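The values are calculated or read from the model by the stated rules, or taken from the named source; none is laboratory data. What you see is a predicted model, and the numbers here were worked out from it, not measured in a lab. Every residue, glycine among them, receives a Cβ derived from its backbone with ideal geometry; neighbour counts consider all protein chains shown. Quick note on the areas: whole protein, heavy atoms, side chains included, nothing else; ligands and nucleic acids left out. Shrake-Rupley method; radii C 1.70, N 1.55, O 1.52, S 1.80 Å.
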Amino acid sequence: MANPLSLLQQRHSVPARQLGEPAPDDATLHALLEAAIRVPDHGKLVPFRLIALRDEAKLAFGERVTAIGMRNNPAMIGAKLEKERHRYTFAPLVIAVVARLDADSKVPEIEQKLCAGNVAYNILLGAFALGYGAQWLTGWAAYDREVAALLGLAGNEHVVGFVHLGTPQIEVPDRDRPVLAELLSTWTP
């Protein structure tokens with residue numbers, strides 16, 4: 001590899017609406033997820049798990065999420081309602097990344113959540129490396145306890161994000177990136 005950092009320098013998200021077939025096949029997805037779970041994990045807690053949404057289940061999930069949203073937010077009508085109903089149907093595959101927090105562990109919960117977040121990011125990186133597109137989304141449903149129950153999550157589990165995976169249907173221009181010189185400082189005593 002001419003530039004070992006090129007993967008990081010080129011990685012970008014592809015909007016879920018611009019992701020189509022094919023998604024990674026089962027063998028490729030297995031390899032991608034095996035690589036993605038190789039994250040820093042203080043205490044070896046494995047504070048994460050993954051839930052795949054595929055095929056008709058994506059629409060069924062979106063419909064049930066929409067019903068929850070309508071009960072809790074009467075302003076969800078018209079276009080907002082349709083957007084919510086179809087949110088999970090654009091990409092051929094959606095992976096819910098779930099943080100499993102152990103409140104009794106000496107490892108702070110923030111570190112456990114960051115570990116799960118690293119899994120989500122590794123899925124993005126791995127998908128890009130394999131030539132697929134991906135987008136990590138949350139939205140209100142990621143933080144809603146009724147949606148968590150719909151996914152079968154325990155009380156100590158929380159959605160970190162929904163990673164939408166597929167093949168980019170358009171060329172996505174890179175966005176403006178922050179300037180390192182504006183972010184980096186050196187601490188001195």
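Overview of results
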| quantity | calculated |
| --- | --- |
| Quarter of Cα convex hull surface for segment 13-128, i.e. mean projection, nm² | 8.7 nm² |
| Distance-filtered residues of segment 23-52 - backbone nitrogen under 12 Å, label point 7 angstrom along A129 Cα→Cβ | 31-39 |
| Of all accessible heavy-atom area on segment 1-134, the percent that carbon and sulfur account for (1.4 Å) | 56 percent |
| Per-peptide average of other Cβ atoms within 10 Å, ordering 60-68, 90-98, 169-177 highest first | 90-98, 60-68, 169-177 |
| Segment 138-189: C-alpha gyration tensor shape, a/c 1.5 cut-off, then a/b vs b/c | oblate |
| Local net charge near Q9, Cβ-Cβ under 12 Å (Lys/Arg +1, Asp/Glu -1) | +1 |
| Residues whose placed amide H lies under 5 Å from that of L93, excluding near-sequence neighbours | L165 |
| 5 angstrom amide H check on V172, placed H, neighbours 5+ away | none |
| Cα gyration tensor category, rounded, prolate or oblate, for segment 51-189 with a/c compared to 1.5 | oblate |
| Cubic angstrom per residue, convex hull over Cα atoms of segment 120-164 | 69 Å³ |
| Under 20 Å from the A103 label point (7 Å along Cα→beta-carbon), backbone N, segment 145-172 | 145-150, 152-160 |
| Phi to ³J(HN,Hα) by Karplus 6.51 cos²θ - 1.76 cosθ + 1.60 over segment 33-41, Hz, x for Gly, Pro | 6, 4, 6, 5, 7, 8, 10, x, 9 |
| Estimated D of segment 64-138 in µm² per second, where Rh is the Kirkwood radius over Cα pairs and Stokes-Einstein applies at 37 °C, 0.692 mPa s | 219 µm²/s |
| Taking the chain and dividing mean pair separation by its residue count, relative contact order in percent (alpha carbons under 8 Å, at least six apart) | 33 percent |
| Between segment 90-111 and segment 3-26, the Cα center-to-center distance that results, in Å | 22 Å |
| Förster radius 41 Å - calculated FRET efficiency between M76 and S185, Cβ distance, rounded to 0.05 | 0.40 |
| Tally of Lys pairs whose C-alpha atoms are under 21 Å apart, taken over the chain, 8 or more apart or cross-chain | 4 |
| Summed residue charge, Cβ within 13 Å of A116's Cβ, Lys/Arg positive, Asp/Glu negative | -2 |
| Total formal charge among the other residues, if their Cβ is under 14 angstrom from that of E84, Lys/Arg +1 and Asp/Glu -1 | +4 |
